[in-house]
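Structure record follows, encoded as structure tokens.
The values are calculated or read from the model by the stated rules, or taken from the named source; none is laboratory data. Just so you know, these numbers come straight off a predicted model, no measurement behind them. Ideal geometry is used to build each Cβ from the backbone, glycine not excepted, and the neighbour counts take in all protein chains shown. Side chains included, ligands, DNA and RNA excluded: accessible areas come from the protein's heavy atoms. Shrake-Rupley method; radii C 1.70, N 1.55, O 1.52, S 1.80 Å.
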Amino acid sequence: MDFTYSPKDLAFRDELRGWLAANLPQGWGETVFLPEDEDENAMFRLDWERKLYKGGWNGIAWPKDYGGRGATLVEQAIFAEEMARAKAPEGLNIIGRNLVATTLLHHGSDAQKARFLPKIISGEEVWCQGFSEPNAGSDLAAVRCQAVRDGDHFVVNGQKIWTSFAQYSQWCILLARTDPSAPKHKGISFLLVDMKTPGITIRPLRQISGECEFNETFFDDVRVPVENLVGELNGGWRIAMTTLAYERGPEDALGRQLVFRQELDQLLATAAKLQRGNRSAIEDGLLRQKLAKSLVGIEIMRLNCLRAFSKSLKGAPRGAEASMNKLYWSHVMQDMFDTAMEVLGPLAPLTAGDAHAVDGGRFQLGFLRSKAFTIYSGSSEIQRNIIAERVLGLPK
Amino acid sequence: MDFDFNQEQYMFQDTVRDLLASALTMEHLRSGTPAELWGQLAETGVFALLTREEDGGLGLGYTDLALIFEEFGRALVPAPIAAAIVAGGAIARFGTPEQRAQLLPGHGEGALRLSSAFAETVATVPAAMTLTARPTDAGWTVTGSKILVPDAAAADKLLVALRFGDDLGLALVEPSRAGVTLREQDTLDLTARYHEVIFDHVTLTAGDIVGGRPDPAAVVACFDAAAAVAALQMTGMAARTLDEAVTYVGQRKQFDRVIGSFQAIKHRCADMAVAVDACRSAAYYAAWALDEAAPDERARAVSMAKSWCGDNARFTCNQAIQLHGGIGFTWELGLHLFLRRIKCEEASFGDADWHRERVIGATLRSMELAG
Ligand SMILES: Cc1cc2nc3c(=O)[nH]c(=O)nc-3n(C[C@H](O)[C@H](O)[C@H](O)COP(=O)(O)OP(=O)(O)OC[C@H]3O[C@@H](n4cnc5c(N)ncnc54)[C@H](O)[C@@H]3O)c2cc1C
């Protein structure tokens, strides 16, 4: 066991610190923040991702062959810490970097890796995930969106829903039914779909928070070249499980942890300023305990990730344990946003537009968004089923 | 960076687990610790592990003991054993050469028994301790008491945390010393005896003080070690109660089904598994921090672990009892032994609220925020 930083690690840290200081906008996190408008916000995050790439700081854990640094575990941990310290924004292409790339690295052909990976890491091509359908959510293997072979193409017809970032995406990973007569897990294929193909319609869906990050996506005779099939025909379920293991795994969680830690640091600073009776909110014993609980919870989230990483670096298979990671953080973080609302007290109802709103309404937004944590990437109930059956071995 | 144990550490865990599986059954726990246990554990090296090599020990650290303490929790190894290891660790690290030479070889062999006296009726943490040594011509004199000292009656030496004037320090006192009386206490924990140690004008000399003079940093380091060890043991207790529950719900049938196939039950088990996994992350890191981190980070790591593991061992044990139904409430089954012990560990060496306050206080100071 070793958490110490070697001189090489410290040099890595200093290099990153220097780069961040030179590349984040002047006054970042103090007077300059992420744009409020959703589209501007997305474009800002995309620009930032491209800047990271140019500086050699995007997808640092990727193999060098595909433009990464092959960063060690300690370097990844340092990266997360430094990004949190600098309050750096999160890149936009999370699905591309964390899900698509990792899935292709496992299951893609050499040609697919060569074609797609460089443009993911460079931020040129943003990806979305077309898995869920109106009648296939938790029961994902029930997907009905069809792909029928026609010469050297598949013709796709059907509907996807809750497709995050579809409006900003050039490409989509799609789960489609290619054998309707086979048992449901055995008739699904994993396709890579160019979002510019004729026949794709995107309709934004408004979320709890008022934002429209996710969409309905319709496919109407959409032609997908057969070389965009990943793995084997009708072998898509196994590949989708790889995608989900990464979606629930420590890479994803470590990235989120840094964003959550920034929120909590801001919340602590706010609690120290907010008046509650004749003292500050942070001096209120009960609030202070709840804040401390979140602090401990978030730090353990990081430790969970580092433990999972260390195991996977030694070759432990990545599987149902990822569900433990996801179930843990989603609830810890929902609790933190509940606490945030309590800290705001009388000002909790005031959102961004009001003159008295605290910190530009960020905690209200975070609170509303946090409701999704226990739904997406597999709801908490589904994670519990997985843990009980596959980790603990309880009967179906 | 590597947040995992090495091969030797896992092998050591297996050895101790195998030993405890036969040496300490539920039957033993109900009828008292088998006398051979100290000797059997000594043979594995657990008592010599923290002792420096030049003093005849193994020169290893708490990281090497982390999985061992987890096994102790799993098997409900009675509290005097961990107390002895922590006391020996403090002597190994802070003792004078004479103290180390006098005590550690016997301790390492399991022949000389140490125990530690920290808690008072008004204190489980150093800053709140009131027991005070007053200067005299010959040295110091102590009057007052410590409570919940694990099996003080069987100990050859007690490591006592107390004040010398304003400074905290650690002293070594035999229970047989003039002015010391022991009173066996009635406690929740049925797996060990605990004593109140009453000091009535007990004389201390410089030679009794660990390191020769009061050292507040040593007291805090020893307290942190004891709190982390409690967290590690509670992690093991949580893991064991999860295992017991999963085994039981996998066999018990009602409504013509194994109850573990009911989702309400599966989901409780899954939440327990997540809680145990996070206990491990927190407690293992605390063990590492005892060996390697600067005092501030050590304190933060230990307090995270003590608060989290306390809350979650309680949670896991409560769930396990519920999942056993009526039999879970019986004296016979023995889950209550875990319930009782966890409660004692939770209350010792700073409760969860105190440790959370230590975490947030330090965080706010590092952020230069008032409060
Ligand atoms: C913000 C957000 C972003 C998303 N982004 C994407 C995306 O980019 N791409 C994509 O493909 N999908 C995305 N999703 C979809 C997400 O994966 C699904 O919403 C999720 O899997 C749940 O499916 P569902 O909505 O159909 O709910 P349902 O499956 O209908 O579930 C409804 C309720 O029933 C419970 N339930 C269902 N089955 C069981 C069971 N067997 N046992 C116990 N309880 C059960 C669920 O836990 C839930 O509480 C997103 C969702 C959200 C909220």
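I'm checking my understanding of the structure. Among residues of segment B:324-338 that are open to solvent by less than 50 Å² (accessible area, probe 1.4 Å) and within 13 Å of residue B:27 (Cβ to Cβ), which one is modelled with the highest pLDDT? The selected residue is B:337.
Contact map, segment A:362-391: residues that are more than 14 Å from chain B (Cβ to nearest Cβ) and more than 23 Å from residue A:98 (Cα to Cα) paired with residues that are within 11 Å of the ligand (Cβ to nearest atom) and assigned to a loop (DSSP other than H, G, I, E, B), Cβ distance under 7 Å, separation 6+ or inter-chain. Pairs shown: A:365/A:209; A:368/A:208; A:368/A:209.
Within segment B:55-76, restricting attention to residues that are assigned to a loop (DSSP other than H, G, I, E, B) and free of Cβ contacts under 8 Å to residues at least 60 places away in the same chain, the residue that is nearest to residue B:339 (Cα to Cα) is B:60. Looking only at residues of segment A:118-138 that are outside any loop (DSSP other than H, G, I, E, B) and under 18 Å from the mean Cα position of the chain (by Cα), we find that the one that is farthest from the ligand (Cβ to nearest atom) is A:121.
Residue selection: residue A:179 fails the criterion of being without any contact (Cβ under 8 Å) to a residue 12 or more places away in the chain, of a type in the set (Asp, Glu), open to solvent by 20 Å² or more (accessible area, probe 1.4 Å) and on the phi < 0 side of the Ramachandran plot. Scan segment A:150-178 for residues that are within 16 Å of the ligand (Cβ to nearest atom) and charged (D, E, K, R) and the total you get is 2.
Might you let me know whether segment B:94-109 holds any residue that is in contact (Cβ under 8 Å) with a residue 12 or more places away in the chain and acidic (Asp, Glu)? Yes, segment B:94-109 contains at least one residue that is in contact (Cβ under 8 Å) with a residue 12 or more places away in the chain and acidic (Asp, Glu). Within segment A:360-374, being of a type in the set (S, T, N, Q), within 13 Å of the ligand (Cβ to nearest atom) and outside any loop (DSSP other than H, G, I, E, B) holds for one residue alone: A:370.
Highlighted here are the strands (runs of 3 or more DSSP E) found entirely within segment B:97-164 that include at least 3 residues which are in contact with a His (Cβ under 9 Å, 6 or more places away or on another chain), open to solvent by 10 Å² or more (accessible area, probe 1.4 Å) and assigned by TED's automatic domain parsing to the domain that holds residue B:201: B:140-150.
Of all residues in segment A:276-313, those that are within 26 Å of the chain's Cα centre (by Cα), of a type in the set (Lys, Arg) and facing chain B (nearest Cβ under 8 Å) total 3.
A single member of A:120, A:78, A:94 is open to solvent by 10 Å² or more (accessible area, probe 1.4 Å) and among the β-branched types (Val, Ile, Thr), and it is A:94. Residue A:346 falls short of the stated requirement of being under 30 Å from residue A:72 (Cα atoms), more than 8 Å from chain B (Cβ to nearest Cβ) and open to solvent by 40 Å² or more (accessible area, probe 1.4 Å).
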